[in-house]
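Read through the structure below, which is laid out as structure tokens, and then see the notes.
Read the figures in this text as sums done on the coordinates, not as results from a lab. Because the structure is predicted, anything quoted here is derived from the model rather than measured. All Cβ positions, even for glycine, are placed from backbone atoms using ideal geometry, and neighbour counts span all protein chains on display.
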């Protein structure tokens, strides 16, 4: 593992998240040269997603006073889930919840990556070079991990905010031209399976903890 690369990726991710937040607030975003390839497609993507819709919640919520109790002194929104029957729980910060032009409530998570994400493994007959093929295979596992993350946020958001989320979404930005921006949207049946998988992860985690 390369610690320097990991730190650089974390800094880039933080910059993208903060810039999305500023863009949603109507502020002008000017990326530094090294982040420009990751940002280039984001403004038009956000405009398209929110056309006819509206932001309900973001990493630093600013337009929902009724939910202010979930916002810390640092301005960051934190939601949680707790099952009184099992005592299982967790907390986290989701990136974006918005209502689209069809009045569907969607929970989205932003990812920056050096390689593409992928919903499925590349077909053996696909006309892609070996480097891209390997990147897409890796992208499948990234997508699967993020789907679990979204399932966790969905349950927490519904418990805290009293809303019903119909779909989840992964929004990816890379510096690779053909994969500059990617959107993966998951409907109710897929989200239900993701929630089942997530709560199994939670159950396994707590069952592995030493008894007190």
GNM of the chain, Cα pairs under 10 angstrom: of 134, 124, 167, the biggest fluctuation goes to 124
Could you work out, for the chain, what percent of all Cα-Cα pairs fall into each 10 Å distance bin, beginning at 0 Å and stopping at the bin that holds the largest distance?
7, 31, 36, 21, 5, 0
Taking 8 Å as the Cα distance limit and 6 or more residues as the minimum spacing, I'd like the relative contact order of the chain as a percentage.
19
Treating only the Cα positions of the stretch 53-156 as identical point scatterers, give the base-10 log of I(q)/I(0) from the Debye formula at each q in 0.09, 0.13 Å⁻¹.
-0.35, -0.64
Given springs between every Cα pair under 10 Å in a Gaussian network model of the chain, which of 103, 151, 126 has the largest fluctuation?
126
Test of understanding: in a Gaussian network model of the chain with alpha carbons linked when under 10 Å, which of 130, 59, 104 would top the mean-square fluctuation ranking?
130
For the pair residue 28 and residue 196, the simple spin-label estimate (label points 7 Å beyond Cα toward Cβ) gives in nm 5.2
Okay, helix-only estimate at 222 nm for the chain: each DSSP H run of n ≥ 4 adds -39500 (n - 2.57), divide by all residues, round to 500 deg cm²/dmol; what do you get?
-14000 deg cm²/dmol
Fraction of antiparallel bridges per DSSP, the chain only, in percent to nearest 5:
70
What percent does the relative contact order of the stretch 1-101 come to when contacts are Cα pairs within less than 8 Å and at least six residues apart?
25
Extension gain, residue 78 back to residue 176 (0.36 nm per residue minus Cα-Cα distance, nm)
32.1 nm
In square nanometres, what is one fourth of the surface area of the convex hull spanned by the alpha carbons of the stretch 132-212?
7.6
